[in-house]
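Here is the structure we will look at.
Values quoted throughout were computed directly from the atomic coordinates according to the rules given, and no laboratory measurement underlies them. In this text the structure is predicted, and so the values were computed from the model without any measurement. Heads up, the Cβs are rebuilt from the backbone with ideal geometry, glycines too, and the neighbour counts pull from every protein chain shown.
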Amino acid sequence: MTYIGRFAPSPTGPLHFGSLIAAFASFLDARANDGKWLLRIEDLDPPREQTGAKEQFPKILDAFGLYWDEEISFQSQRHNYYQDVLDTLLSEHYAYRCDCSRKEILARSNSTVYDRHCLLNPPNSDAQCAIRIKCKNISISFNDQIQGPYLSSLSQSGDFVVYRRDNLYAYLLAVVVDDYLQGVTHVVRGSDLLNETPRQIHLQQLLDYPTPAYAHIPVASNTQGQKLSKQTFAPALKLDNLVPSLFNVLVFLDQQPPSELLDASRDEIIRWGIENWDLEKISQTLAKPVDRSE
Ligand code: GLU
Ligand code: ZN
């Protein structure tokens, strides 16, 4: 079996303990399957980027001993691929242009689900437009390796945006195109992206791309039940306690590391993680609290 996995952080803030969980889990799953592990920086949204974040990511992963294969890819340098796919989606009539503002949509339908106004009334060719994917009567089901069977009706969330009206490629488009072009076979990432997955699978199906295996790990929440993120002020990873941090990730992922490992070296703990990796041990839950300020 060929296995290609990846870690795909967005440089909207520093890596925190939640990022380390996603990085280490995807790394361990790749290495335990003799796979490749790629690093892709998802710098699609310059206004939301934090200066210096993407330069830091490789340094931090390096310090933790999580070495990736191949060159780092940057989504900011891959716009031509996304544009080609957008052109295909439009020419196949899988997608259409839309110049509605959020306000207009809300005012017409009192809902954020798009009412398809622009499918029936195409905007002028010079209008600044988003591009939306048609998804009427589509339901997608897949079997998540951790969360189990998942079924979603795309009609409920409406025709989604793959190109934004502010001239940015949407995450949903870029992630599907890149996972395909990079040959990614296994996606291990946080459960916050579980409900984005059916739309990604729908795009893969429209484009005749294979669907990778998905494993959505629980996200770490703070003691108030909020996901650790830049928005909840999760502290940036520190490099002065690598071994306890990696150990805590193994605990979080229910791998049951023996406490002696706390005295091991960084590379020993990584080796233990690879040798003992068992995806099936991970709890089938969307979020779990961590009670330390890692
Ligand atoms: N860039 C996304 C994020 O940081 C993750 C993308 C993915 O793993 O599919 O939330
Ligand atoms: Zn519209």
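Bin width 10 Å, origin at 0, all Cα-Cα pairs of region 57-187: what percent of pairs per bin?
Calculated over all Cα pairs of region 57-187, the distribution is 10, 32, 31, 19, 7, 0 percent.
Using a 7 Å offset from the Cα along the Cα-to-Cβ direction at both H79 and T2, what is the distance between the two label points in nm, to one decimal?
3.0 nm
Hey, could you get me the Stokes-Einstein D for region 144-255, Kirkwood radius over alpha-carbon pairs, 37 °C and 0.692 mPa s, rounded to whole µm² s⁻¹?
For the chosen part, D equals 199 µm²/s.
If you bin every alpha carbon distance in region 1-121 into 10 Å steps from zero, what whole percent lands in each bin?
Percent of Cα pairs in each bin: 11, 29, 26, 22, 12, 1.
For region 1-46, which semi-axes, largest first and in whole Å, follow from the square roots of 5 times the eigenvalues of its Cα gyration tensor?
That gives 22, 13, 5 Å for the three semi-axes.
Stokes-Einstein D for the chain at 10 °C, 1.306 mPa s, Kirkwood Rh over Cα pairs, in µm²/s?
Translational diffusion coefficient: 78 µm²/s.
In whole Hz, with x marking every Gly and Pro, tabulate ³J(HN,Hα) for region 260-276 from phi via Karplus 6.51 cos²θ - 1.76 cosθ + 1.60, θ = phi - 60°.
4, 4, 5, 9, 7, 7, 3, 6, 5, 5, 5, 4, 4, x, 5, 5, 9
Considering region 122-167, what Rg and Dmax in Å follow from its alpha-carbon atoms?
15.0, 46
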